[in-house]
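Right, one structure below, let's go through it.
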Amino acid sequence: MKKSAFAGLILLLVLPFAYLPLLALATQWRFPRLLPEGLSLEHWQLAWRIGGMADSLILSVVCAALVALSSTALGFRIAHVIAGHRRRRLLLSVAYLPYAFSPVIYAFCLQFFFLKTNLAGTLAGVLLGQFLIVFPFSVILFVNHWTPRLQHMEALVYTLGGSPWAAWRRVLLPVSRPALLNGLFQTFLLAWFEYGLTTVVGQGRVATLPVRVYQYVGEANPYFAALGSTLLIWPPLLLLWLNYRYQNLKYAAVANR
Amino acid sequence: MRKLLLTCFFALTLLPLVAGLCYALAYSLGLAGALQTGFTAQHWQAVLGSEAVWVSLALSLLIALVVVAVSTLLALTTVLAFHRELGASRLRFGVYWPLAVPPIVAAFWGFQLLGNSGLLARLASSIGLIGGPEEFAPLINDPWQIGIVIVLTMATFPFFTVVLFQFYQSEQVPQLLQIAQSLGASGRQRMWRVAVPVLLQKLRPLMVLYGVFLFGAYEVPLLLGNQSTRMISMLIAQKFRRFDLFELPQAYAITVLYAAVVLAVLIGLRPGRQTSGRLS
């Protein structure tokens, strides 16, 4: 009974991952039918050929990858400084401020500066805007990684005569690889999901996948919107699965030690 | 190097936010922007006297509170009822799946699920509960914002479940429950005096932070919200996007008001406060 209830709950949670691809493949799906009237790749071909879906997919991947890489690298380094700072809590509170703000409202606050610097409506502007949201998150994420144990390991390298370069290259980076991968994954997701700020800063000219999905919903084209949604949810799920497998393997290795 | 990195940190976090808010405040007071007329409080008077603004703020706050409360309740129930399945079942990864759904897709999925001709309406029709789409209860763009609450809860509760289950393991709740049992605590006492307080205390910072996010939620109300009563981010976005330039100072004033509420919550409830480490 309990197992069935749990299975039912899981079924409800994963339902959109089946429903949205099915809608994207449906030739038509009118009320009150529970299943589509037919399946074809017609919408996929159309969206790919004239709907700009391929461009949006590439744009989203590039944007999310660049933002994730830059914010993870800088966030990791700055979190190291903050973790060892005597005003660590105050500095961490500063990182929470932009992260807690609604991205769309933050974007409206910054719109004037983006216009003045000619960054509004450009890819560079969207990248910078997304970075301003993702970077504080990355700092928050990594501050907890810099535990006293890790700081002591670094101190030990210096005590044994190692240079800062040696400490980073031979100790801190290898030890932090799982955390860095996790940070990359989470920052990628944050940038991949971003819609509100991208519409304001990009002014509709930088059409990432979330922007495209909203555009199709507005055009009352549920099939294309479902297609865009499918492309938005399945790649992160794959990353999530890889992350989950990796974490499980790591825990299993620790448990078997 | 440390100073350079800290300067970089402030330049990328605090500086844009403070600059944006200062500009917003100056614009709302007539001191900046294309409409600057010299200092005036008329836009602030209009905003503070506007019922729509207060309704919007109250609605956003209410939705955030309801979604956090319902999600916490659902997550607590799931973790306490299914802790074995969450730890060992082959299906347990399914709880993580909703974490891969962006808000805009959650909103679209909500539209497809709850709409008048959506999946629920089709199911109701197939078992003879309704004759047509018009007979299905309005859950989208409804005056009570039920659709928004359902979709935001569907997006929040799995995340809370994942986090709570991690706390369940890290805080060694099963062991605590066993000790409570050996000390003679009843099932209800173990639940309400041990498991729930331990888990809620750990979840509290996340509840506050998520409440702040939900307060400024944009994508879901954009697709599922009612046009007459809007959440605060929708109200601000609509004022910014109107063709009437004279609405801009008010839009900036509401932005400053929103920032004040967020800051007050963050300072008052301090979600970043260190709560890690076991209860001792």
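Listed values, structure above:
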read-out: Those helices (runs of 4 or more DSSP H) lying entirely in region B:165-245 with at least 1 residues surrounded by fewer than 19 Cβ atoms within 10 Å (Cβ to Cβ) and out of contact with any Pro (no Cβ under 8 Å at 6 or more places or on another chain); value: B:173-182, B:196-215, B:232-241
read-out: Helices (runs of 4 or more DSSP H) wholly inside region B:1-98 that include at least 1 residues being within 30 Å of A:Cys109 (Cβ to Cβ); value: B:2-12, B:14-28, B:42-48, B:51-81
read-out: Residues of region A:93-113 satisfying the condition of being open to solvent by 10 Å² or more (accessible area, probe 1.4 Å), closer than 16 Å to B:Val256 by Cβ and either in contact with an Asp or Glu (Cβ under 6 Å, 6 or more places away or on another chain) or more than 7 Å from chain B (Cβ to nearest Cβ) (or both); value: A:Gln111
read-out: Total residues in region B:51-62, condition open to solvent by 10 Å² or more (accessible area, probe 1.4 Å) and either in contact (Cβ under 8 Å) with a residue 12 or more places away in the chain or closer than 19 Å to B:Pro174 by Cα (or both); value: 5
read-out: Flag if B:Ala75 is buried (at least 23 other Cβ atoms within 10 Å of the Cβ), more than 10 Å from chain A (Cβ to nearest Cβ) and in contact with a Leu (Cβ under 6 Å, 6 or more places away or on another chain); value: yes
read-out: Among (1) within 10 Å of another protein chain (Cβ to nearest Cβ); (2) modelled with pLDDT under 95 - the single one B:Val47 does not satisfy; value: (1)
read-out: Output for region A:30-53, where each listed residue is buried (at least 16 other Cβ atoms within 10 Å of the Cβ), out of contact with any Gly (no Cβ under 7 Å at 6 or more places or on another chain) and assigned to a helix (DSSP H, G or I); value: A:His43, A:Trp44, A:Ala47
read-out: Helices (runs of 4 or more DSSP H) lying entirely in region A:54-164 (those with 2 or more residues that are among the charged types (D, E, K, R)); value: A:88-100, A:148-159
read-out: Selection status of B:Pro138, within 28 Å of A:Ile233 (Cβ to Cβ), over 24 Å from the mean Cα position of the chain (by Cα) and not β-branched (Val, Ile, Thr); value: no
read-out: Number of the exception - B:Gly38 against (1) free of Cβ contacts under 8 Å to residues at least 24 places away in the same chain; (2) closer than 30 Å to B:Gly187 by Cβ; (3) among the small types (Gly, Ala, Ser); value: (2)
read-out: Where B:Phe111 falls short, out of the listed (1) under 30 Å from A:Val14 (Cα atoms); (2) more than 8 Å from chain A (Cβ to nearest Cβ); (3) outside any loop (DSSP other than H, G, I, E, B); (4) not charged (D, E, K, R); value: (2)
read-out: Restricting region A:129-140 to residues that are under 17 Å from B:Val18 (Cβ atoms) and either surrounded by fewer than 20 Cβ atoms within 10 Å (Cβ to Cβ) or not β-branched (Val, Ile, Thr) (or both), the residue that is farthest from the other protein chains (Cβ to nearest Cβ); value: A:Gly129
read-out: Close pairs (6 angstrom Cβ cut-off, 6 or more residues apart or separate chains): in contact (Cβ under 8 Å) with a residue 12 or more places away in the chain and more than 7 Å from every other protein chain (Cβ to nearest Cβ) in region A:221-245, crowded, with 19+ Cβ neighbours inside 10 Å and among the charged types (D, E, K, R) anywhere; value: A:Gly228/A:Arg212
read-out: Lone qualifier among A:Pro164, A:Pro222 - being exposed (fewer than 15 other Cβ atoms within 10 Å of the Cβ) and out of contact with any helix residue (DSSP H, G or I) (no Cβ under 6 Å at 6 or more places or on another chain); value: A:Pro164
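Residue-wise test of (1) in contact (Cβ under 8 Å) with a residue 12 or more places away in the chain; (2) small (Gly, Ala, Ser); (3) at positive phi; (4) within 10 Å of chain B (Cβ to nearest Cβ).
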residue: A:Leu23; (1), (2), (3), (4): yes, no, no, yes
residue: A:Arg30; (1), (2), (3), (4): no, no, no, yes
residue: A:Glu42; (1), (2), (3), (4): yes, no, no, no
residue: A:Cys63; (1), (2), (3), (4): yes, no, no, no
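The values are calculated or read from the model by the stated rules, or taken from the named source; none is laboratory data. Everything numeric here is computed off the predicted structure, so don't read it as measured data. Methodologically, a virtual Cβ is constructed for each residue, glycine included, from the backbone with ideal geometry; neighbour enumeration extends over all protein chains shown. Please note that ligands, DNA and RNA were not included when accessible areas were found on the heavy atoms of the full protein model with its side chains. Shrake-Rupley method; radii C 1.70, N 1.55, O 1.52, S 1.80 Å.
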